[in-house]
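The values are calculated or read from the model by the stated rules, or taken from the named source; none is laboratory data. Since this is a predicted model, take the numbers as computed values, not measurements. Heads up, the Cβs are rebuilt from the backbone with ideal geometry, glycines too, and the neighbour counts pull from every protein chain shown. Heads up: the accessible areas ignore ligands, DNA and RNA and are worked out on the full protein's heavy atoms, side chains in. Shrake-Rupley method; radii C 1.70, N 1.55, O 1.52, S 1.80 Å.
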Amino acid sequence: MTDYQKPPKSLLRKVGKAIADFDMIREGDRILLGVSGGKDSLSLLQILCHLKSYAPVRFDLGVITVDPQIEGFDPAPLKAYYEGLGVPWHYAEQPIMEEARENMDGNSFCAYCARMKRGIMYTTGRREGYNVLALAQHLDDLAESLLMSMFHEGQLRTMKAHYLNDAGDIRIIRPLVYCRETQTGAFAVETGLPIIPDSCPACFTAPTQRAYMKQLLAREERQNRHLFANMLHAMKPLMDETPP
């Protein structure tokens, strides 16, 4: 494991606490990290590289990038970056947007794309012997998901910090659940991480429910600096589905 950027203590503390609180990383785990090329997944890659070198728990780390073959999105430069880090990498291509036009039924493109990518990552993980899939959603993502669920589905629900997939063979972890988007963004910019512009260009073609929730939370936070701490406290029981 070479040439990674040491993350700031503020990020490491929050990731370390999340990993401990939800028992995310266990001795001998083989972790496959989904990397889109955005600031969050690239920041998590650096954090896990650091933890692999210094954490008392031994684990293996590999990465996967799924190219949905959307015009303007080129994750190919990440291949050389992974090799520089000395991290095993897997690369999959699938025309997800083209397939979505034919197969989507009352769903958003973003939700369809996420589901298809997840399936590809599960398949790769099984084939390559990984038992854990790491994803890079952060506290802002969880807060937005909670509001979307409440407003549009009438349910109290958000993303889980650690859970078992339906097949029961892969654990999914989100080590950034205590971290703010501003933290991953600042780290990525300050260290010059090779961010792929518009890592999902289709998501920027029209306003989305998530974008609206992001704006709503930003307005509220200007009036209440404890907003996200309070939301984390409220969401924590919803986040916990830690497998035995």
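Within segment 205-244, the set of residues being of a type in the set (S, T, N, Q), modelled with pLDDT of 95 or more, part of a helix (DSSP H, G or I) and farther than 17 Å from His138 by Cα comprises Gln223 only.
Could we say that Pro88 is in contact with a helix residue (DSSP H, G or I) (Cβ under 9 Å, 6 or more places away or on another chain) and of a type outside the set (A, V, I, L, M, F, W, C) here? Spelling it out, Pro88 is indeed in contact with a helix residue (DSSP H, G or I) (Cβ under 9 Å, 6 or more places away or on another chain) and of a type outside the set (A, V, I, L, M, F, W, C).
Is at least one residue of segment 61-71 in a helix (DSSP H, G or I), at pLDDT below 95, more than 18 Å from the chain's Cα centre (by Cα) and over 26 Å from Lys14 (Cα atoms)? The answer is no, given that none of the residues of segment 61-71 is in a helix (DSSP H, G or I), at pLDDT below 95, more than 18 Å from the chain's Cα centre (by Cα) and over 26 Å from Lys14 (Cα atoms). Of the candidates Glu102, Glu83, Glu98, Glu71, the single residue that is among the acidic types (Asp, Glu) and touching a residue at least 60 places away in the same chain (Cβ under 8 Å) is Glu71. So, of the residues in segment 1-55 that are outside any loop (DSSP other than H, G, I, E, B) and among the hydroxyl-bearing types (Ser, Thr, Tyr), which turns out to be most open to solvent (accessible area, probe 1.4 Å)? Here the residue is Tyr54. For Gln137, the conditions (1) open to solvent by 10 Å² or more (accessible area, probe 1.4 Å); (2) part of a helix (DSSP H, G or I); (3) closer than 29 Å to Tyr178 by Cβ; (4) out of contact with any Gly (no Cβ under 8 Å at 6 or more places or on another chain) all hold with the exception of (2).
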